[in-house]
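Readers should treat all values here as calculations from the given coordinates under stated rules, not as data from a laboratory. Everything quoted here is computed from the prediction, not taken from an experiment. Cβ placement follows ideal geometry from the backbone for every residue including glycine, while neighbour counts extend to all protein chains displayed.
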């Protein structure tokens, strides 16, 4: 036996109609409540979350203006903006019902109705309610995730002149709805910049919808961004809102936009021009209003010359450009970033690590950081996990000194004098299995001199 679902409320002053409707509908829905007095609607809605409300247009005898229906429709939508209301009307009042739909009603049924038509209308209304609930839940979840991210990265860390200029640009740009293009290598923090713009904008209380275009296949592009209707393709088991709809009234962040193929660029450009989307499997256009921020690590201007990126799309998205310098060009920010990650991961992993030694910091300054801030973050996380002391040392970081070197060979570009000495002593001690006399002899030191160095370096 098929499991019944759906909660229906019928509000009408005709007792015979209520009895007949309840008798018919209770065979198809899990709960059917009936009420003669519309004054009871607020209390009923407070106690139950109805999927569909069937509402009569007129309750007072000999009144046919529909004003009562309009009034209670407005009250219902005030109590629950996502409520789905189907109006009950007489044949001669269809024009009035159409007017009510414009005011927020979902549909109408004409009495006396045909049972099959009534059922079809209610099932359609239920699917609409489910779709609205899905969108709302997605928005809530997305908002919660964004809150976590925004709290964690409430400020972008940087004291270099390059970062100060970026902060100034964010302040000026955030207050507008101008499209922003963020350029920078992988790991430089492009999404953090995008979130900072959103957080300081008039849309900060709405959704920040992020899309990694580099991970979306061409076949999923339309479904992911535009949404789809149930049954529009094999795996479309329910209606689903796309990222454009989720970003409505908020900010849409398109990461790795340089990875889009030319056909997909054309589809994206059409949406940006028209500000309307149509779900896959639907002919209905939905107006959308969002602030657009894009990011890429690819040379878009060169790609335009090579006919790999549309010039009209580039000019559509780059009203304001923000270029984030790589970490190797702002070494003065390394101590701030390193100590930020130190505090975070020391708490996360409950490790008593409180400081980064001068030697370790010097070593970090000499590393080129091809992975930028993300690489620095992972280096600190690993160092803290593996560290056995409260102060991080150079050896806690496993940077490869230089490619193509033989094992044990040192690169002076990566180490200072003390670090070279320390590494050499450790290597010689390992060679002689900790024998101080033999190690001192090979190093050209006295035993007492070697002991002093061992104490100095904590070996």
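Before moving on, here are some points about what is shown:
- Simple label model, 7 Å out from Cα along Cβ direction - residue 98 to residue 5, nm: 3.4
- Distance-filtered residues of segment 295-319 - backbone nitrogen under 11 Å, label point 7 angstrom along residue 176 Cα→Cβ: 319
- Residue 164 paired with residue 306, simple spin-label distance in nm, labels 7 Å along Cα-to-beta-carbon: 3.7
- Value of relative contact order over segment 326-399, rounded to a whole percent, pairs C-alpha under 8 Å and six or more apart: 40
- Fewest-first ordering of 126, 57 by other beta carbons within 10 Å of each residue's beta carbon gives 126, 57.
- Shape category assigned to segment 7-131 from the gyration tensor of Cα positions, a/c cut at 1.5: rounded
- FRET efficiency for residue 381 and residue 156, using Cβ-Cβ distance with R0 set to 22 Å, rounded to 0.05: 0.70
- Cα gyration tensor, segment 153-325 - rounded (a/c under 1.5), prolate or oblate: prolate
- Segment 153-325: relative contact order in percent, alpha carbon pairs under 8 Å with at least 6 residues between: 33
- To the nearest ten degrees, helix 15-25 and the longest principal axis of the Cα atoms of the chain are 50 degrees apart.
- Computed label-point distance, nm, for sites residue 113 and residue 284 using a 7 Å Cα→Cβ extension: 1.8
- Contour minus Cα-Cα distance for residue 37 and residue 79 (0.36 nm per residue): 13.4 nm
- Spatial separation of Cα centroids for segment 428-450 and segment 207-278, in angstrom: 66
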